[in-house]
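A.B. asks: One structure is given below, represented as structure tokens, and several questions about it will come after.
The values are calculated or read from the model by the stated rules, or taken from the named source; none is laboratory data. Owing to the predicted nature of the structure, the values given are computational and were not obtained by experimental measurement. Cβ placement follows ideal geometry from the backbone for every residue including glycine, while neighbour counts extend to all protein chains displayed. Side chains included, ligands, DNA and RNA excluded: accessible areas come from the protein's heavy atoms. Shrake-Rupley method; radii C 1.70, N 1.55, O 1.52, S 1.80 Å.
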Amino acid sequence: MAIRIGVDGRVLTDRYHGIGRVAFSLLREMALIPGVELVIFAGDQGSRRFDLATIPAEIVPVGMAAVDVRQLWRLRPVLRRSGVDVMFFPYHLGASPVPGKPGVALVHDCILETDPRFVPSRAVGWAYRIMTALVARRVTVATVSAASAREVERFYGRRVSPDLVIPNGVEPFPGGVELSRLGELGIEPGYVLHVGAQRPHKNVKVLVEAIAAVPGARLVLVGSADERFQDEIGPAIQRYGVSDRVTRLPFVPEDLLGTVYAGAALVAYPSLVEGFGLPMLEAMLAGTPVLASDVPVLREVGGQAALYLAPTCAQAWTAAIERLGTDDDLRNSLVAAGAVHASRFTWSAAAARLVAACYSVSGTQRRVLTDR
């Protein structure tokens, strides 16, 4: 029996870096599953990254941003008129606690709950906690990692069933790899790379300190700054005198991202906390070794295919960067292990698990699903 799945597509904007990528990748695979009809509720913000026209789905404009208080009273009648069986919210704050339809909401992380430094303001933190608690009580919660599932239970008392832990996938990059195009971004191969929005929990300042101690090392930071937070990176660049060795790229086109990964000597991921850690897998797919913080979620995502370091010890990051620059055996072993490890994470498998969850919560008779 067919199932009509409504999807909150308001996160498909340039603002939502990782969440938008996850949502778009899931939608493309969900649309390929027999018996699945998608209705995408599109917001009022366009995107340079995601083209909804490439997904076979009904598009319903809702004229609201991804998180908008008006959804509390405007979303329910829209869903009723659309005739969907179940809603999928790629970002849980897009869910209304009273959506009028069964729903699955993806809680990517509990970063804001972890440390006051990671919250833009007390008011934002307060509102976020209240809304998340309401959604956790009224909507079926899925997460992207076992670590995030533990945090949801810790902070909100909601146990996430193992079949609702749906790891992200990774896929070949659009546009492939063409290192000659790095010049379009003003960079040359051989840099240390970080990919992610520049927020306090990303701990990027430790990389600035680390490369300052490696003669000639260059650092490329891909991802926009979050204006709600004070910039920690600019002052660190000035303090360590490396302004000529750090390049900040707020935006990289999708067709160049794979080239940026492949052109790096290594990808460094020093986050203090995450919900998943997709750039680690993207780096492995591109054949680039990974250094990551020794925190549970990154161990879960990277397995044995990365080197793990104390997050705040700049000396450890310096030593690892230098080691990967000279130890070819280590580098080659990480690249080989990374290719095998990344191949285990597919968007088709993630989409199949998500659709199975939608069948379950909607009460719709489920068609047998198989991985493609």
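A.B. asks: Looking at E37, E29, which one is under 19 Å from A357 (Cα atoms), open to solvent by 10 Å² or more (accessible area, probe 1.4 Å) and without any contact (Cβ under 8 Å) to a residue 40 or more places away in the chain? Step through it out loud before you land on a result.
C.D. replies: Numbers: E29 fails: without any contact (Cβ under 8 Å) to a residue 40 or more places away in the chain.
It is E37.
A.B. asks: If you go through region 260-274 one residue at a time, do you hit one that is at pLDDT below 95, out of contact with any strand residue (DSSP E or B) (no Cβ under 9 Å at 6 or more places or on another chain), within 20 Å of V177 (Cα to Cα) and surrounded by fewer than 23 Cβ atoms within 10 Å (Cβ to Cβ)?
C.D. replies: Filtering region 260-274 for residues at pLDDT below 95 gives none.
No.
A.B. asks: Taking the conditions exactly as written (among the β-branched types (V, I, T) and free of Cβ contacts under 8 Å to residues at least 60 places away in the same chain), does V290 satisfy them or not?
C.D. replies: On the way: among the β-branched types (V, I, T): yes; free of Cβ contacts under 8 Å to residues at least 60 places away in the same chain: yes.
Judged against the criteria, V290 is a match.
A.B. asks: Among the residues of region 55-71 satisfying the criterion of being within 24 Å of I166 (Cβ to Cβ) and open to solvent by less than 20 Å² (accessible area, probe 1.4 Å), which is modelled with the highest pLDDT?
C.D. replies: For region 55-71, the residue satisfying everything is I55.
A.B. asks: Go through region 144-161 and give me each residue that's open to solvent by 30 Å² or more (accessible area, probe 1.4 Å) and on the phi < 0 side of the Ramachandran plot.
C.D. replies: Of region 144-161, the ones open to solvent by 30 Å² or more (accessible area, probe 1.4 Å) are 146, 150-151, 153-159, 161.
Passing the criteria: A146, R150, E151, E153, R154, F155, Y156, R158, R159, S161.
A.B. asks: To continue, here is another question. Of the numbered conditions (1) within 23 Å of R15 (Cα to Cα); (2) part of a loop (DSSP other than H, G, I, E, B), E184 satisfies every one except a single condition; which is it?
C.D. replies: It fails just one condition, (2).
A.B. asks: Name the helices (runs of 4 or more DSSP H) wholly within region 292-362 that hold at least 2 residues that are under 24 Å from S148 (Cα atoms) and small (G, A, S)?
C.D. replies: Values: elements: 296-302, 314-326, 328-342, 347-362.
Hits in region 292-362: 328-342, 347-362.
A.B. asks: A further question follows. Give me the residue from region 41-54 that is touching a residue at least 12 places away in the same chain (Cβ under 8 Å) and either over 20 Å from the mean Cα position of the chain (by Cα) or open to solvent by 70 Å² or more (accessible area, probe 1.4 Å) (or both) and, out of that set, nearest to V355 (Cα to Cα).
C.D. replies: Applying the first criterion (touching a residue at least 12 places away in the same chain (Cβ under 8 Å)) to region 41-54 yields 41-50, 52, 54.
Retained after the next criterion (residues that are either over 20 Å from the mean Cα position of the chain (by Cα) or open to solvent by 70 Å² or more (accessible area, probe 1.4 Å) (or both)): 41, 44-45, 48, 54.
Details: F41: 17, D44: 26, Q45: 27, R48: 27, T54: 20 Å.
This residue is F41.
A.B. asks: Turning to a different aspect of this structure: With respect to R117, is the statement that it is closer than 29 Å to L281 by Cα, out of contact with any Lys or Arg (no Cβ under 8 Å at 6 or more places or on another chain) and at pLDDT below 95 true?
C.D. replies: Details: closer than 29 Å to L281 by Cα: yes; out of contact with any Lys or Arg (no Cβ under 8 Å at 6 or more places or on another chain): yes; at pLDDT below 95: yes.
It is true that R117 is closer than 29 Å to L281 by Cα, out of contact with any Lys or Arg (no Cβ under 8 Å at 6 or more places or on another chain) and at pLDDT below 95.
A.B. asks: Can you tell me which residue is modelled with the highest pLDDT among those in region 218-241 that are open to solvent by 30 Å² or more (accessible area, probe 1.4 Å) and hydrophobic (A, V, I, L, M, F, W, C)? Walk me through it before giving the result.
C.D. replies: In the first step, residues of region 218-241 are kept if they are open to solvent by 30 Å² or more (accessible area, probe 1.4 Å); the result is 218, 224-225, 227-232, 235, 238-241.
Remaining after also requiring hydrophobic (A, V, I, L, M, F, W, C): 225, 229.
Working: A225: 88, F229: 91.
Checking each candidate, the answer is F229.
A.B. asks: Can you find, within region 115-143, the residue that is farthest from G6 (Cα to Cα) among those that are touching a residue at least 60 places away in the same chain (Cβ under 8 Å) and buried (at least 16 other Cβ atoms within 10 Å of the Cβ)? Spell out the reasoning first.
C.D. replies: The first filter runs over region 115-143 and keeps only residues touching a residue at least 60 places away in the same chain (Cβ under 8 Å), leaving 115, 117-118, 120-121, 124, 140, 142-143.
Add one more test, that the residue is buried (at least 16 other Cβ atoms within 10 Å of the Cβ), and what stays is 118, 140, 142-143.
Working: F118: 31, T140: 15, A142: 16, T143: 18 Å.
The residue in question is F118.
Table: residues versus (1) aromatic (F, W, Y); (2) under 29 Å from L354 (Cα atoms); (3) crowded, with 17+ Cβ neighbours inside 10 Å.
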| residue | (1), (2), (3) |
| --- | --- |
| D163 | no, yes, no |
| L193 | no, no, yes |
| H201 | no, yes, yes |
| A213 | no, no, no |
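A.B. asks: Does T288 satisfy the condition of being in a loop (DSSP other than H, G, I, E, B) and over 17 Å from V195 (Cα atoms)?
C.D. replies: Working: in a loop (DSSP other than H, G, I, E, B): yes; over 17 Å from V195 (Cα atoms): no.
No.
A.B. asks: Which count do you get for residues in region 55-96 that are over 24 Å from the mean Cα position of the chain (by Cα) and part of a helix (DSSP H, G or I)?
C.D. replies: Adding up the residues that qualify gives 11.
A.B. asks: Does at least one position in region 346-360 carry a residue that is among the β-branched types (V, I, T), in contact (Cβ under 8 Å) with a residue 60 or more places away in the chain and under 19 Å from P167 (Cβ atoms)?
C.D. replies: Of all residues in region 346-360, those among the β-branched types (V, I, T) come to 346, 355.
Right, trim to in contact (Cβ under 8 Å) with a residue 60 or more places away in the chain and you get 346, 355.
Next, from what is left, pick out any that are under 19 Å from P167 (Cβ atoms): 346, 355.
Yes, some residue in region 346-360 is among the β-branched types (V, I, T), in contact (Cβ under 8 Å) with a residue 60 or more places away in the chain and under 19 Å from P167 (Cβ atoms).
A.B. asks: Residue check: is A146 touching a helix residue (DSSP H, G or I) at 6+ places or on another chain (Cβ under 7 Å) and small (G, A, S)? Steps first, answer last, please.
C.D. replies: On the way: touching a helix residue (DSSP H, G or I) at 6+ places or on another chain (Cβ under 7 Å): yes; small (G, A, S): yes.
Judged against the criteria, A146 is a match.
A.B. asks: If you don't mind, there's one more thing I want to ask. Residues being hydrophobic (A, V, I, L, M, F, W, C), within 30 Å of E113 (Cα to Cα) and buried (at least 24 other Cβ atoms within 10 Å of the Cβ): count how many of those fall in region 279-299. Show your work before the answer.
C.D. replies: Taking region 279-299 first, the residues hydrophobic (A, V, I, L, M, F, W, C) are 280-281, 283-286, 290-292, 295, 297-298.
Of the ones still in play, those that are also within 30 Å of E113 (Cα to Cα) are 280-281, 283-284, 290-292, 295, 297-298.
Right, trim to buried (at least 24 other Cβ atoms within 10 Å of the Cβ) and you get 280-281, 283-284, 290-292, 298.
The total comes to 8.
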